Amino acid sequence: MSVPAAHRFELQTATAADFEALLALRLRAMRRSLERLGRYDEQRARERLAAGFEPEHTQHVVVEGRRVGFLSLKTLSHELRLNHLYIDPAEQEHGLGHEVLGWVCDEADRAQLPVALCALKGSDAVRFYLRHGFALTGEGEWDYDFVRMPLSTGVRAVRAWWQALQARDWARASALLRSDLQAQWWTSGERFDGAAGFIQAQSRYPEGWTIHLIEVSALQDGRVVSVTRVDHPPQQFFATSFFHLEDGLVFAIDEYWATVEAPPSWRSAAALPGWQRLQPEDDPRACPP
């Protein structure tokens, strides 16, 4: 698999002689999470990496000639299996891991294959994978199982719609809609006949808002549903949107907006067993569109 020139990293296939260097990098990357769980054991880590080490499916992540991480990605008949993805802690916090995983997801979409992986419970990786659209499908004693399904044309179009809104790119947003769009905002009782007025409503909304995309999924009947959070201080809103598409263009939208508000006083930890207060920002799936 080749990496497009637009990316700042390259991939180099590993060899059997790279095992010790890869193990050392994995230990550096995992140490904080493993120590937090009381599971840091270098011998166990060596045995676990060695058990599934396949150099032909292992790639160094290289930036400006420096090996800064590695991934193990295997193409099976029914899925892409991501067994490892690590970035050296010294190279983290610059978005490189997100870029590498984004490339993996792009490859999966081109092949129309799901991506499957395991992530250590309690590790930062859990939030990382949730933000990239992976869904929790199972769990073992120490790991969670995740799967990301390939994005359909409709899902990509809906993601592009939210990206265009966040960028205030009204021309791009308009290009994703059919001119005869029918859009309903059910909670406020509004309807738009045609894309022009709907785009104008988006562009005229008072400034200061930020979109956080939580989920985009294809439904069996061909529609695409998205859940987004919009922060517009001092208020926050959630939108559940159902998109109808044809040939990659949206021709109808049914949208339900809800304002974030505190629960009533009768719902509390003292009154209801297991009750907890959540904040919208606590959702690990929410990310820029």
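Where a number appears in this text, it was derived from the coordinates with a stated rule and is not lab data. Remember, predicted model here, so these are calculated numbers, not experimental data. Every residue, glycine among them, receives a Cβ derived from its backbone with ideal geometry; neighbour counts consider all protein chains shown.
Charges only on Cβ, +1 for Lys and Arg, -1 for Asp and Glu: so what's the dipole of segment 10-148 about the Cα centre, in debye to the nearest 20?
Here the size comes out at about 320 debye.
How large is the charge dipole for segment 153-259, taken about the Cα centre, if only the Cβ atoms of Lys, Arg (+1) and Asp, Glu (-1) carry charge, to the nearest 20 debye?
That gives a dipole near 240 debye.
Kindly rank 278-286, 161-169 from highest to lowest mean number of other beta carbons found within 10 Å of each residue.
Peptide ranking by packing, descending: 161-169, 278-286.
Lys and Arg at +1, Asp and Glu at -1: add these up for the other residues within a Cβ distance under 12 Å of ASP282 and post the number.
+2
For segment 10-148, what size does the Cα cloud have along each of its three principal axes, sorted from largest down, in whole Å?
37, 36, 30
Dipole of segment 112-181, Cα-centred, from +1 at each Lys and Arg C-beta and -1 at each Asp and Glu C-beta, to the nearest 20 debye?
So the dipole magnitude of segment 112-181 works out to roughly 440 debye.
Could you tell me the distance between the Cα centroids of segment 146-173 and segment 1-78, to the nearest Å?
That distance is 30 Å.
Project the alpha carbons of segment 92-229 onto their principal axes and report the range along each, largest first, in whole Å.
52, 35, 29
In whole Hz and in residue order, list the ³J(HN,Hα) couplings for segment 40-57 that follow from phi through the Karplus curve 6.51 cos²θ - 1.76 cosθ + 1.60, θ = phi - 60°; x for Gly and Pro.
6, 8, 5, 5, 5, 5, 4, 5, 5, 5, 5, 4, x, 6, 10, x, 5, 10
Can you tell me the order of 49-57, 263-271, 7-15 when each peptide is scored by its average per-residue count of other Cβ atoms within 10 angstrom, highest first?
Numbers: 49-57: 13.2, 263-271: 8.7, 7-15: 15.1.
By packing density, highest mean first, the sequence is 7-15, 49-57, 263-271.
Tally Lys and Arg at +1 and Asp and Glu at -1 over the other residues with C-beta under 14 Å from the C-beta of VAL230: what net charge comes out?
My count for the surroundings of VAL230 gives -3.
What value does segment 202-289 have for Rg/Rh, both radii from Cα atoms and Rh as Kirkwood defines it?
Working: Rg = 16.1 Å, Rh = 15.3 Å.
My calculation puts Rg/Rh at 1.06.
Convert each backbone phi in segment 201-214 into a coupling constant with the Karplus relation 6.51 cos²θ - 1.76 cosθ + 1.60 (shift: θ = phi - 60°), then list the ³J(HN,Hα) values in order as whole Hz, x for Gly and Pro.
Here the 3J(HN,Hα) series is 4, 5, 6, 8, 4, x, 5, x, 9, 9, 9, 10, 7, 9 Hz.
Determine the sum of side-chain charges near GLY194: Lys and Arg each +1, Asp and Glu each -1, restricted to other residues whose C-beta is under 11 angstrom from that of GLY194.
0
Counting alpha carbon pairs within less than 8 Å and at least 6 residues apart, what relative contact order, in whole percent, applies to the chain? Walk me through the intermediate numbers first.
Values: 458 pairs, mean separation 35.2, N = 289.
Once divided by the residue count of the chain, the mean separation gives 12 percent.
Can you compute the helix-only [θ] at 222 nm over the chain? Use -39500 (n - 2.57) per DSSP H run of at least 4 residues, normalise by all residues, nearest 500 deg cm²/dmol.
For the chain, the value works out to -8500 deg cm²/dmol.
Just from the alpha-carbon atoms, what are the Rg and Dmax of the chain in angstroms?
21.9, 66
Would you work out which of ALA125, HIS78, PRO55 lies farthest towards the positive end of the dipole of the chain, given +1 charges on the beta-carbon of Lys and Arg and -1 on that of Asp and Glu, about the Cα centre?
Among ALA125, HIS78, PRO55, the one farthest towards the positive end of the dipole of the chain is ALA125.
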